[in-house]
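The values are calculated or read from the model by the stated rules, or taken from the named source; none is laboratory data. On a predicted model such as this, the values are computed, not experimentally measured, just so you know. Using ideal geometry, Cβ is built from the backbone for each residue, glycine included, and neighbour counts are taken over all protein chains shown.
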């Protein structure tokens, strides 16, 4: 069990560092998305009265920035427990039954993530020659966001699962250490 705890601590440390980086990247992408859309609106209703030139890339850039920000954030949401939760069954169970339900749900998550990553890679590979209309971004960049997001979610799922197995985390309480106050 000590080996599992050691692995969990190492993975959690890396997760915390990488989460900070991803939070900054996602915040930057959302800020750039906002700036691009604000510029597009200002251009369409104000600037066009003085100067007439085209900025067709702003809508496409904003779309892809928002997509990447969302997929980079799904692992963070899993880590923090901010995904939507229905705990109707969980609240009615106790002890070992809760733990068994936790393991079943994590196995289902792993199967889902495997399928999502496998087919996401296929979709990205099938669109490798695709180029976006205005930015001319390669399809591999555009279609790999779900794969990257699912890979990060897989890492966070495994980290949390190891934390539960070694007794450091409470099942179904993402990021809550054993003995910590709930609330």
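Only one of 163, 149 is touching a strand residue (DSSP E or B) at 6+ places or on another chain (Cβ under 6 Å), in contact (Cβ under 8 Å) with a residue 60 or more places away in the chain, closer than 19 Å to residue 15 by Cα and not in a loop (DSSP other than H, G, I, E, B). Can you tell me which? Can you show your working first?
Working: 149 fails: touching a strand residue (DSSP E or B) at 6+ places or on another chain (Cβ under 6 Å).
Going through 163, 149 in turn, just one is touching a strand residue (DSSP E or B) at 6+ places or on another chain (Cβ under 6 Å), in contact (Cβ under 8 Å) with a residue 60 or more places away in the chain, closer than 19 Å to residue 15 by Cα and not in a loop (DSSP other than H, G, I, E, B): 163.
Within segment 160-182, can one find any residue that is closer than 30 Å to residue 61 by Cα, modelled with pLDDT of 90 or more and surrounded by 15 or more Cβ atoms within 10 Å (Cβ to Cβ)? Reasoning before the result, please.
So the first thing to find is which residues in segment 160-182 are closer than 30 Å to residue 61 by Cα, and the list is none.
No: zero hits.
Tell me, please, whether a residue that is in a helix (DSSP H, G or I), touching a helix residue (DSSP H, G or I) at 6+ places or on another chain (Cβ under 7 Å) and surrounded by 12 or more Cβ atoms within 10 Å (Cβ to Cβ) can be found in segment 43-53. Lay out the reasoning, then the answer.
The initial filter retains those residues of segment 43-53 that are in a helix (DSSP H, G or I), namely 43-45, 47-49.
Still in the running and touching a helix residue (DSSP H, G or I) at 6+ places or on another chain (Cβ under 7 Å): none.
Within segment 43-53 (the criterion being in a helix (DSSP H, G or I), touching a helix residue (DSSP H, G or I) at 6+ places or on another chain (Cβ under 7 Å) and surrounded by 12 or more Cβ atoms within 10 Å (Cβ to Cβ)), the answer is no, since none of the residues qualifies.
When you scan segment 110-143, how many residues do you find that are surrounded by 15 or more Cβ atoms within 10 Å (Cβ to Cβ) and either on the phi > 0 side of the Ramachandran plot or modelled with pLDDT of 95 or more (or both)?
The total comes to 5.
From the residues in segment 23-38 that are modelled with pLDDT of 95 or more and surrounded by fewer than 13 Cβ atoms within 10 Å (Cβ to Cβ), which one is farthest from residue 77 (Cα to Cα)?
Per the stated criteria, the residue is 31.
Within the bounds of segment 85-108, is there any residue that is under 16 Å from the mean Cα position of the chain (by Cα), modelled with pLDDT of 90 or more and assigned to a helix (DSSP H, G or I)?
no
So, residue 62, is that one modelled with pLDDT of 95 or more and either part of a loop (DSSP other than H, G, I, E, B) or touching a helix residue (DSSP H, G or I) at 6+ places or on another chain (Cβ under 6 Å) (or both) or not? Lay out the reasoning, then the answer.
Values: modelled with pLDDT of 95 or more: no; either part of a loop (DSSP other than H, G, I, E, B) or touching a helix residue (DSSP H, G or I) at 6+ places or on another chain (Cβ under 6 Å) (or both): yes.
No, not satisfied.
State which residue pairs qualify: first residue farther than 18 Å from residue 143 by Cα and inside segment 101-128, second residue exposed (fewer than 14 other Cβ atoms within 10 Å of the Cβ) in any location, beta carbons under 9 Å apart, and separation of 6 or more residues or different chains.
Going by the 9 Å Cβ cut-off, the qualifying pairs are 101/89.
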